[in-house]
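The values are calculated or read from the model by the stated rules, or taken from the named source; none is laboratory data. Since the model is a prediction, treat every value here as computed from it, not as a measurement. Here the Cβ positions follow ideal geometry from the backbone for every residue, glycine too, while neighbour counts run over all protein chains shown.
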Amino acid sequence: MLLRTSCYLEFDIAVHTPFIFMLKPCSGSQQWIISEEYRHTPMLPVFEFSDPYGNLCQRLIAPPGRLIINTAAEVMTSDSYDRLPGAPFVDIENLPDSVLSYLLPSRFCESDRFANLAAEITSECLPGYDQVSAIEHWVRSNIAYEMEGSDIQLSATEINLRGSGVCRDFSHLGIALCRSLSIPARLVVGYLHGLVPMDLHAWFEAYVGGRWYTFDATQSELRGGYVAIGYGRDAADVAIFNQFGPPSNLIVKHIAVEKIHHN
């Protein structure tokens, strides 16, 4: 599936403000970046680096006034995503070093508080993929999906008590439950073709059977059209922008994902 993604952000800046943006998707096993655009007004020095999770990040210092960031990319992405029921649990001693950090509790995924619930949800499952699939189904069935949420980010524990949340919250809860079973899990943020209402989306991946598999408790059926921008332990690692100093006003955000049809 060939997609064109775009993101338009407009800020009202009061004082000189350092920013870190995470807006550029990378080529990987499930997607290939054919072309990309990255424009900002006014013209400013921008420095790019890769964070500890391999995400492309951009640093800049915005002067007072309007700051506009406009990005676009053409991406070839999977038409469908692998499902492999029965894929086995990977023993901790056999996990790659790069995966180990996704076993630990994190700011929004307090996996050390979910052992009993995770054991209950997966009591009749084979260890590994089937456990994650049961967790995905449980979250979808027990947490009410909200199209829009507040700016206050809640943890997995809070979402479980509240019983409702946005895509980010569904993923945090799924991740916490997986990690409580010693299954590595990570948050993914990006685009999803056909999402209504259109906005950035969050889902999660779990490491079983020797590789990462995609799970999304907000969708009744896993389909193609995902474009990943960032990976991390939870939302604290994959914000599309972080600003430092007095808060600036985000006055416009526009996200679009369009399918490109071949002639």
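So for segment 117-140 (the condition being over 26 Å from Leu84 (Cβ atoms) and of a type outside the set (Gly, Ala, Ser)), does at least one residue qualify? No, that holds for no residue. If you filter segment 69-126 down to residues that are in a strand (DSSP E or B) and over 30 Å from His40 (Cβ atoms), you find that the one that is farthest from the chain's Cα centre (by Cα) is Pro88.
If you go through segment 136-146 one residue at a time, do you hit one that is over 21 Å from Ala185 (Cα atoms) and assigned to a loop (DSSP other than H, G, I, E, B)? Yes. Here Ser111 fulfils each of the conditions (1) surrounded by fewer than 22 Cβ atoms within 10 Å (Cβ to Cβ); (2) in contact with a helix residue (DSSP H, G or I) (Cβ under 8 Å, 6 or more places away or on another chain) apart from (1).
Being at pLDDT below 95, closer than 30 Å to Leu67 by Cβ and among the small types (Gly, Ala, Ser) is the requirement here; does Gly230 meet it? Considered against the rule, which asks whether it is at pLDDT below 95, closer than 30 Å to Leu67 by Cβ and among the small types (Gly, Ala, Ser), Gly230 comes out as no.
Apart from one condition, Leu104 fits all of (1) in contact with a Phe, Trp or Tyr (Cβ under 9 Å, 6 or more places away or on another chain); (2) in the same structural domain as Cys178 (by TED's automatic domain parsing); (3) surrounded by 12 or more Cβ atoms within 10 Å (Cβ to Cβ); (4) modelled with pLDDT of 95 or more; the exception is (1). Filter segment 213-231 for residues that are among the hydrophobic types (A, V, I, L, M, F, W, C) and crowded, with 21+ Cβ neighbours inside 10 Å; which is nearest to Pro127 (Cα to Cα)? Only one residue tops the list, namely Phe215.
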